[in-house]
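In what follows, a single structure is set out as structure tokens and then discussed.
The values are calculated or read from the model by the stated rules, or taken from the named source; none is laboratory data. Fair warning: this is a prediction, and the values are worked out from it, not measured in the lab. A quick note on method: Cβ atoms are made from the backbone with ideal geometry, for glycine too, and the neighbour counts reach across all protein chains shown. The accessibility values were calculated without ligands, DNA or RNA, using every heavy atom of the protein model including side chains. Shrake-Rupley method; radii C 1.70, N 1.55, O 1.52, S 1.80 Å.
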Amino acid sequence: MKRYLRLLALFWSTSVAQEMEYRLNFLLALLSSLGSAAGGLFGLSLFYRAGHALSGWTYPEAVAVLGVFTLLQAFSRALLFPNLNRIVDHVQYGTLDFILLKPVDSQFWISLRILSPWALPDALMGSLLLMWATWQLKRSFLSLMGALPAILAGILILYGLWFFLASLTIWFVKIYNVTYVLQSFLEAGRFPIGAYPALFRWFFTFVLPVAFLTTVPARQVVGRTAGHVGSLVMAWGLGLLLFAGSRMFWRFALRFYTSASS
Amino acid sequence: MAVIETRNLTKIYRVARKAPGWLGSLRHFFRREVQDIVAVRDLTFTIEGGEVVGFLGPNGAGKTTTLKMLTGLIHPTSGEVRVAGFSPWKRETAFLRNISLVMGQKQQLIWDLPALDSLRINAVVYGLEETTFRHRVAELSELLEIQHILNQPVRKLSLGERMKAELLAALLHFPRILFLDEPTLGLDVNAQAAIRQFLRAYNERYGATMILTSHYMADISALCERVILIHQGTVWYDGPLSGLLEKFAPYREIRVEFHQPIARENLQRFGEVERVEGRRAHLIVRRKDVTDVVAQMLRNFPVMDLTIQDPPIEEIIRRVFALPGHSPVP
């Protein structure tokens, strides 16, 4: 365990050092984060200016959803994108061999090798949006912290889904951009899930669990806690299930990479 | 004590077969035809601790597949394999701590950072203490003569320096068994010689077992007392290198430079003329005729320069498999 923590510290310090060689990226990430948040806020303001409300959520409440969405975006920029989208390179260039021959859990290595510092603007922006929302709603700082368990469950769910799709590249090298499809579906998480028509709501809860990613944590932030415990338990159940599934799936995928099947 | 043992080791790949053209692709989409390709068949050999063994064979002979089975990267289809007492494909921690694989065409060092940063990661992976780490880096980098470059970003190093740093990264945990796949690929003669010298020193100093594939005869002859020749997935020869040369390649290559161009016809009576370019010529001559041929040439032609060497390994291998009536050793 201690070895893994030391390894993680080295992984992240070296990858940040490596990225610092390309300073212009910071500006680009900042602009992209600002643009994305501005776009989201503008979209919301169009609705609310016209007097609509998304399934009864007030403007600050909807901003809280956007805040959680931006935080998850930060997580995927920091870890999911740089690591999982490289599995395909490891397969194509054969560098997976080096990882498999190290006496270290290969899923740990492949999922956490790189920490991208360019997620920082998104993390800041997400926190700002959430803080603005809690302030507007006169909620306490504690209620913001109370959303952490739900956000962690969302992170587990997101990781499980992303990892599953990314490790499919062990068989089908050509589908390396499948995670972009996932990402565009996840965009639905910018808005409270109740705002969607019934069919979509069903789809985004049971097929692609976007509802658990942003709406459930945001509910905690804004104090819409009716039935919240039930959703939280479901979110954690789903998150743990997907995480365990990803571990099993990786082992299964490696058997194909290492040709145990034939 | 046997460190590596294989018995009837076999690997069959199942690959999809597709007719060329779009019609073939269409048919392939609906009905997938598969074909079994035998990469390695009934490979049986034993390697003792401390031995340095060269795997020889043409491209596609099954050398890399065998290395991958020995390191546990792929699972054998049938047969038995034990390395250091382990079944490699289980990739148990105790097994992985004992081995290392160096691949000439792949790199594990981080491109944009100094090699020392990558070495530090490996030190933690193998649970080395800080003092042990420093001690080993100092020792190995001195042997490799790369103390001065460990603080430079890997992308700024020459190919030879990079390969040495790769070796250092692969050996930091002092593996007892070292697998090397084309470790000198693409290096210039000096760098090749330095790598060879280092590997020999490492073998002598730590008694490590080494298995090596290479296209360069010099690598094999400098390092390996024993070679295993693999062709079409089976062992064709297993024994000392000198025996292989006697048995399969009783040839030498003579390179001559004359004062004036000599016609190909005039050279053909000495042996097989490989190439004539202006005043230069390459001949392949039977080992036992070499002195005779050289004496006659010096007598009959205005020879300016003359060298005798082993033909390139590819050439030997090509000849071995072109000879009729050769079959694998039982």
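Residue-wise test of (1) open to solvent by 50 Å² or more (accessible area, probe 1.4 Å); (2) within 17 Å of B:Ile47 (Cα to Cα); (3) assigned by TED's automatic domain parsing to the domain that holds B:Pro183.
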position	(1), (2), (3)
B:Thr71	no, yes, yes
B:Ala84	no, yes, yes
B:Lys90	yes, no, yes
B:Ser100	no, yes, yes
B:Leu113	no, no, yes
B:Ala123	no, no, yes
B:Phe133	no, no, yes
B:Arg136	no, no, yes
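If you check B:Val256 against the conditions, is it in contact with a helix residue (DSSP H, G or I) (Cβ under 8 Å, 6 or more places away or on another chain) and either surrounded by fewer than 22 Cβ atoms within 10 Å (Cβ to Cβ) or not in a helix (DSSP H, G or I) (or both)? Write out each step before concluding.
Numbers: in contact with a helix residue (DSSP H, G or I) (Cβ under 8 Å, 6 or more places away or on another chain): yes; either surrounded by fewer than 22 Cβ atoms within 10 Å (Cβ to Cβ) or not in a helix (DSSP H, G or I) (or both): yes.
For B:Val256, the condition - in contact with a helix residue (DSSP H, G or I) (Cβ under 8 Å, 6 or more places away or on another chain) and either surrounded by fewer than 22 Cβ atoms within 10 Å (Cβ to Cβ) or not in a helix (DSSP H, G or I) (or both) - is met.
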Could you check A:Val229 against (1) open to solvent by 40 Å² or more (accessible area, probe 1.4 Å); (2) more than 14 Å from every other protein chain (Cβ to nearest Cβ); (3) in contact with a helix residue (DSSP H, G or I) (Cβ under 9 Å, 6 or more places away or on another chain); (4) part of a helix (DSSP H, G or I) and say which number it fails?
-> (3)
Which residues, taken from the stretch A:86-103, are within 11 Å of another protein chain (Cβ to nearest Cβ) and either open to solvent by 30 Å² or more (accessible area, probe 1.4 Å) or within 25 Å of the chain's Cα centre (by Cα) (or both)?
-> A:His90, A:Tyr93, A:Thr95, A:Leu96, A:Ile99
Name, by its number, the condition in (1) farther than 28 Å from B:Met297 by Cα; (2) crowded, with 18+ Cβ neighbours inside 10 Å that does not hold for B:Pro240.
-> (2)
Within the stretch A:127-140, is even one residue touching a strand residue (DSSP E or B) at 6+ places or on another chain (Cβ under 8 Å) and not hydroxyl-bearing (Ser, Thr, Tyr)?
-> no
Checking B:Ile149 against (1) open to solvent by less than 10 Å² (accessible area, probe 1.4 Å); (2) without any contact (Cβ under 8 Å) to a residue 40 or more places away in the chain; (3) within 14 Å of chain A (Cβ to nearest Cβ), the condition it does not meet | (3)
How many residues are more than 8 Å from every other protein chain (Cβ to nearest Cβ), out of contact with any Asp or Glu (no Cβ under 6 Å at 6 or more places or on another chain) and touching a residue at least 12 places away in the same chain (Cβ under 8 Å) when one looks only at the stretch B:89-106?
-> 5
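Does B:Arg82 count as assigned to a strand (DSSP E or B) and away from chain A (no Cβ under 11 Å)? If you could, list the steps in order and put the result at the bottom.
Working: assigned to a strand (DSSP E or B): yes; away from chain A (no Cβ under 11 Å): yes.
Yes: the conditions hold for B:Arg82.
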Every residue from the stretch A:51-78 that is touching a residue at least 60 places away in the same chain (Cβ under 8 Å), of a type in the set (A, V, I, L, M) and in a helix (DSSP H, G or I) | A:Ala62, A:Val63, A:Ala64, A:Val65, A:Leu66, A:Val68, A:Leu71, A:Leu72
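Working only within the stretch A:33-58, note down all residues that are small (Gly, Ala, Ser) and surrounded by fewer than 17 Cβ atoms within 10 Å (Cβ to Cβ).
Taking the stretch A:33-58 and keeping what is small (Gly, Ala, Ser), we get A:33, A:35-40, A:43, A:45, A:50-51, A:53, A:55-56.
Result: A:Gly35, A:Ala38, A:Gly39, A:Gly43, A:Ser45, A:Ala50, A:Gly51, A:Ala53, A:Ser55, A:Gly56.
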With respect to A:Glu61, determine if the residue is under 18 Å from A:Gly189 (Cβ atoms), of a type in the set (D, E, K, R) and open to solvent by less than 70 Å² (accessible area, probe 1.4 Å).
-> yes
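Output the helices (runs of 4 or more DSSP H) that fall wholly within the stretch A:82-201 and possess 3 or more residues being under 19 Å from A:Trp57 (Cβ atoms), or say none. Explain how you work it out, then say what you get.
Values: elements: A:87-93, A:96-100, A:106-112, A:120-136, A:141-145, A:148-167, A:178-186.
Result: A:120-136, A:148-167.
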